[in-house]
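Take a look at the structure below.
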Amino acid sequence: MESIKNKYIYIALAALGALLLLYSSYALIKDGSPTVKSLREHLSKANAYHKDSLYDKAIEPYQRALNKDKSSALANYNSGTNLLMKNYKDLKAGTGDPETVAGVYADALAQLQQAASNETDKEMIASARHNEALVHHLTDSLEMAAEAYKESLRKNPADNETRYNLAVVLYQLKNQQDQNQQNQQEQQQQQEQQQQQQQEQQQQNQEQQQNQEQEQKEKEQEQQQQQQAQASESKEDMSKENAERLLEAAMQDEKGVLEKVKREKNKSGKQKLQKNW
């Protein structure tokens, strides 16, 4: 599509030289005033440079003509067209300083718009709008290019070249809109996927947290059960120990009683023996 665009723009620009000279002849009215005469001289000199594709040299005499009459539709048209053709190759090849090229195109656009505003001849206005559309098209301002081509056709409905250019721009606009719509859909799908991934990640984190809390709870319960079991064993051991101590004390007491009884018995036997004597 880019090759088609460059091809039709190149053809259109090639025809501008002839149009420029045509409108130069139209505007060079017979007037003996110094202003009109000097304006005519500057335009003639600039047009000669322009015809020989010496666009750089044509800039100065066109500017001199504009200095004589800034409202001159012809001077604005010719100067704007010259700037357009001068920078076309740089833009097509992608060379040149972008800011400089952008500034020159802005100047060309302003001059062409001024020409269309100050002119009364419909064909002249149509040509100015046509070239204005080319500037917009070269800078990828497709919607503005389409509108300028439409304005050109309103002034000159028989211009098949403008009609063809408009069709190309509308086709490119349709493709651009379709591409933008596709990009928006893809972007929306990506956002939905990201949201879904985030939700899944959040759910996974929640489940992981719940599992960790459950494990911690079970661990605490297990520790509590172990502590209770240890306390129970300790109590049982303590009770057994107390029982053994009590049993041992009881046995000691019983042994002491038996020994006391034995001693008492022995003592009684001895006394009786002595009494019998």
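The values are calculated or read from the model by the stated rules, or taken from the named source; none is laboratory data. It should be emphasised that the depicted structure is a prediction, and the values quoted were computed from it without experimental measurement. Note: ideal-geometry Cβ built from the backbone for every residue, glycine included; neighbour counts use all protein chains shown. Note: accessible area is taken over every heavy atom of the protein model, side chains too, but ligands, DNA and RNA are not part of it. Shrake-Rupley method; radii C 1.70, N 1.55, O 1.52, S 1.80 Å.
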For this session: Please give the number of the condition residue 169 fails out of (1) free of Cβ contacts under 8 Å to residues at least 60 places away in the same chain; (2) in a helix (DSSP H, G or I); (3) open to solvent by 10 Å² or more (accessible area, probe 1.4 Å).
Result: (3)
Seminar exercise, completed: For the range 33-82 the number of residues that are of a type in the set (Ser, Thr, Tyr), over 21 Å from residue 131 (Cβ atoms) and open to solvent by 60 Å² or more (accessible area, probe 1.4 Å) is 1
For this session: Filter the range 117-126 for residues that are open to solvent by 10 Å² or more (accessible area, probe 1.4 Å) and either within 35 Å of the chain's Cα centre (by Cα) or free of Cβ contacts under 8 Å to residues at least 60 places away in the same chain (or both) and give the result.
Result: 117, 118, 119, 120, 122, 123, 125
Exercise. Do the conditions hold for residue 129, that is, is it at pLDDT 90 or above, more than 35 Å from the chain's Cα centre (by Cα) and surrounded by 14 or more Cβ atoms within 10 Å (Cβ to Cβ)?
Worked result: no
Problem set entry | Output for the range 147-163, where each listed residue is in a helix (DSSP H, G or I) and surrounded by fewer than 21 Cβ atoms within 10 Å (Cβ to Cβ) | 147, 150, 151, 153, 154, 155, 160, 161, 163
For this session: Could you list all residues from the range 132-144 that are open to solvent by 10 Å² or more (accessible area, probe 1.4 Å) and among the aliphatic types (A, V, I, L, M)?
Result: 138, 142, 144
Exercise. Considering only helices (runs of 4 or more DSSP H) fully contained in the range 1-85, which possess at least 3 residues that are at pLDDT 85 or above and touching a Ser or Thr at 6+ places or on another chain (Cβ under 7 Å)?
Worked result: 55-68
